[in-house]
1. Would you confirm whether any residue within region 144-151 is closer than 24 Å to T209 by Cβ, of a type outside the set (F, W, Y) and not in a loop (DSSP other than H, G, I, E, B)?
2. Within region 63-81, which residues are more than 19 Å from D146 (Cβ to Cβ), touching a residue at least 24 places away in the same chain (Cβ under 8 Å), open to solvent by 10 Å² or more (accessible area, probe 1.4 Å) and not charged (D, E, K, R)?
3. On the basis of being within 19 Å of D27 (Cβ to Cβ), among the basic types (K, R) and open to solvent by 50 Å² or more (accessible area, probe 1.4 Å), does K180 make the cut?
4. Please tell me if K168 is touching a residue at least 60 places away in the same chain (Cβ under 8 Å) and either out of contact with any Gly (no Cβ under 9 Å at 6 or more places or on another chain) or within 28 Å of R219 (Cβ to Cβ) (or both).
5. Among the numbered criteria (1) under 23 Å from D226 (Cα atoms); (2) outside any helix (DSSP H, G or I); (3) over 18 Å from the mean Cα position of the chain (by Cα), which one does N80 miss?
6. Say whether the condition of being farther than 30 Å from E223 by Cβ, at pLDDT 95 or above and basic (K, R) is met by at least one residue in region 105-120.
7. Mind checking which residues of region 46-77 are assigned to a loop (DSSP other than H, G, I, E, B) and within 17 Å of R169 (Cβ to Cβ)?
8. Name every residue in region 24-62 that is within 16 Å of L217 (Cβ to Cβ) and open to solvent by less than 10 Å² (accessible area, probe 1.4 Å), in order of residue number.
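The values are calculated or read from the model by the stated rules, or taken from the named source; none is laboratory data. None of the values given here were measured: they were computed from a predicted structure. Positions of Cβ are generated from backbone atoms using ideal geometry, with glycine treated the same way; all protein chains shown enter the neighbour counts. Ligands, DNA and RNA are stripped out before the accessible areas are found, and what is left, the full protein with its side chains, is counted by its heavy atoms. Shrake-Rupley method; radii C 1.70, N 1.55, O 1.52, S 1.80 Å.
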Amino acid sequence: MRLLYSLALLALSISQSHAAQIALIIDDIGYRHTDQAVLALPSTVTLSVLPHTPLGKVLANAGHKKGHEIMLHLPMQALNGKALGLGGLTNTMTEAQIRASVVDAINSVPFAKGANNHMGSLLTQLDDPMLWVMETLKQKHLYFVDSMTTRFTKAGETADQLGVPLLKRQLFLDNDISAKALERQFSLMISQAHTQGNLVAIAHPYPETMRFLKANLQRLKTEGIDLVPASSLLPIDIAHKNGTNPAVTLR
């Protein structure tokens, strides 16, 4: 009996140590007072804040105090020509302008540990701007999450080449904010996390999304899935210890 009990404990320990993990990033934070709803989410949800926004510093500070990991949501030029807001990066900017703008953006979001692109379906396809962005992030010791707003993105490839710790968005939760669509994507997120072992998902501070997440995030625990800060999926310490590239691309 004692042997069977020990084996059961061992099996449970192995199962727990290999629990699937999801990093859920809420981005587009900083302009609307309703964005404050993100602070009611579990502290393991990562908050990505737009630079130079009316509420950006306040929410970054409050989120950090609550235990959330903070990221910079860096605006980049899109193919559709949508307005970028302050701190936006475009293909008409010089190297010096892009580098200075990235530094200013980082300084405007307290406690930022990483960055991901806001839009960027045009700019992330361009070699030189991505080189300048990633070199600046590396100098400032930030990791990068490629939001994958285009399948032609070179952002992740450039980050990987430079040794910038890297993740890639695998699922958007709320492109459609209807209850049916949110449930479909949430179920898909759970299924993919079980299949792949870990997953990076991005959502937004829409009131509909916030209500859905508050009501449903506890389902992850029931499913045996850990909700973790984005940086938890980066094997940085191991990579640095081994002197190897700390970037990782999730399967």
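1. Scanning region 144-151, I find at least one residue that is closer than 24 Å to T209 by Cβ, of a type outside the set (F, W, Y) and not in a loop (DSSP other than H, G, I, E, B), so the answer is yes.
2. Result: H64, G67.
3. Spelling it out, it is not the case that K180 is within 19 Å of D27 (Cβ to Cβ), among the basic types (K, R) and open to solvent by 50 Å² or more (accessible area, probe 1.4 Å).
4. yes
5. (1)
6. The answer is no, given that none of the residues of region 105-120 is farther than 30 Å from E223 by Cβ, at pLDDT 95 or above and basic (K, R).
7. Within region 46-77, L50, E69 qualify.
8. Listed by number, the residues that qualify are L24, I25, I26, V38, L41, V45, T46, L47.
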